[in-house]
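Just below is one structure, and these are the notes that go with it.
The values are calculated or read from the model by the stated rules, or taken from the named source; none is laboratory data. Source: prediction; values computed, not measured. Here the Cβ is made from the backbone with ideal geometry for all residues, glycine too, and neighbour counts use every protein chain on show. Surface areas here come from the heavy atoms of the whole protein model, side chains and all, with no ligands, DNA or RNA. Shrake-Rupley method; radii C 1.70, N 1.55, O 1.52, S 1.80 Å.
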Amino acid sequence: MNDEARCAELLTFDDSAQSVTVNVMWDNATVMGEERYYTAEIVLQSAFVSGRVGLQVSLADLDEWGRCLDSLEADNGVQWPAGDRGAWLEVVPDDPVEVTVCDSPSTQISVCVPIDVASDWLEKNRLKWDAARRAVASG
């Protein structure tokens with residue numbers, strides 16, 4: 001977590017060659033109805049293709065990522081965040097883990113990245129989720 005940028009790393013799937021990360025900035029939330037939305041960014045890096053795509057997430061979306069981690073632990077694939085607001089991820093807990101970054105409806109481009117994650121990837125992502133959730137909730 002980077003306090004200067006008011007940014008928290010929500011999740012990371014990485015190996016020595018590529019990674020997919022989601023960062024959430026918890027300052028300057030946008031309020032729509034009763035929900036606060038925070039600026040977030042999906043960052044994909046590999047030797048073949050690299051890119052960034054922005055999205056907006058709410059506390060409910062962050063809670064949903066926690067449930068997604070439970071599904072991944074049960075070897076079920078997930079899509080996050082739900083809804084048709086913009087970019088999203090699809091994660092298939094295979095060997096290697098497949099992470100697809102989708103920029104829909106903006107460009108309609110999707111990139112699938114096979115990532116040979118470390119054995120403790122789920123535990124590390126639970127810790128990142130917990131820290132990001134607490135930071136956003138208190139920010």
How many of the residues in region 16-59 are within 28 Å of Asp95 (Cβ to Cβ), open to solvent by less than 40 Å² (accessible area, probe 1.4 Å) and not in a strand (DSSP E or B)?
-> 1
Is there any pair with a first residue in region 62-73 that is within 15 Å of Lys124 (Cβ to Cβ) and a second that is among the small types (Gly, Ala, Ser) whose Cβ atoms are under 9 Å apart and which are 6 or more apart or on different chains, and what are they?
-> Trp65/Ala132
Any chance you could count how many residues in region 62-111 are assigned to a loop (DSSP other than H, G, I, E, B) and among the charged types (D, E, K, R)?
-> 5
State yes or no: is Gly66 within 18 Å of Glu9 (Cβ to Cβ), of a type outside the set (Asp, Glu) and loosely packed, with under 15 Cβ neighbours inside 10 Å?
-> yes
Could you say whether any residue in region 2-15 is surrounded by 14 or more Cβ atoms within 10 Å (Cβ to Cβ), farther than 16 Å from Trp129 by Cα and modelled with pLDDT under 95?
-> no
Selection within region 71-86 - within 14 Å of the chain's Cα centre (by Cα), at pLDDT 95 or above and hydrophobic (A, V, I, L, M, F, W, C) = Leu72, Val78, Trp80
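Residues checked against (1) open to solvent by 40 Å² or more (accessible area, probe 1.4 Å); (2) over 19 Å from Arg126 (Cα atoms):
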{"position": "Ala87", "(1), (2)": "no, yes"}
{"position": "Val91", "(1), (2)": "no, no"}
{"position": "Asp94", "(1), (2)": "yes, no"}
{"position": "Ile109", "(1), (2)": "yes, yes"}
Report, by residue number, each residue of region 69-85 that is open to solvent by less than 60 Å² (accessible area, probe 1.4 Å) and either on the phi < 0 side of the Ramachandran plot or touching a Lys or Arg at 6+ places or on another chain (Cβ under 9 Å) (or both).
-> Leu69, Ser71, Leu72, Gly77, Val78, Trp80, Pro81
Counted residues in region 100-139 being touching a Cys at 6+ places or on another chain (Cβ under 7 Å) and within 24 Å of Ala74 (Cβ to Cβ) come to 1
Please go through region 113-125 and pick out each residue that is open to solvent by 70 Å² or more (accessible area, probe 1.4 Å) and within 14 Å of the chain's Cα centre (by Cα).
-> Lys124
Give me the pairs, please: first residue somewhere in region 104-125 and closer than 17 Å to Val49 by Cα, second residue anywhere and open to solvent by 70 Å² or more (accessible area, probe 1.4 Å), beta-carbon distance under 7 Å, and either six or more positions apart or on two chains.
-> Cys112/Glu98; Pro114/Glu98; Ile115/Asp14
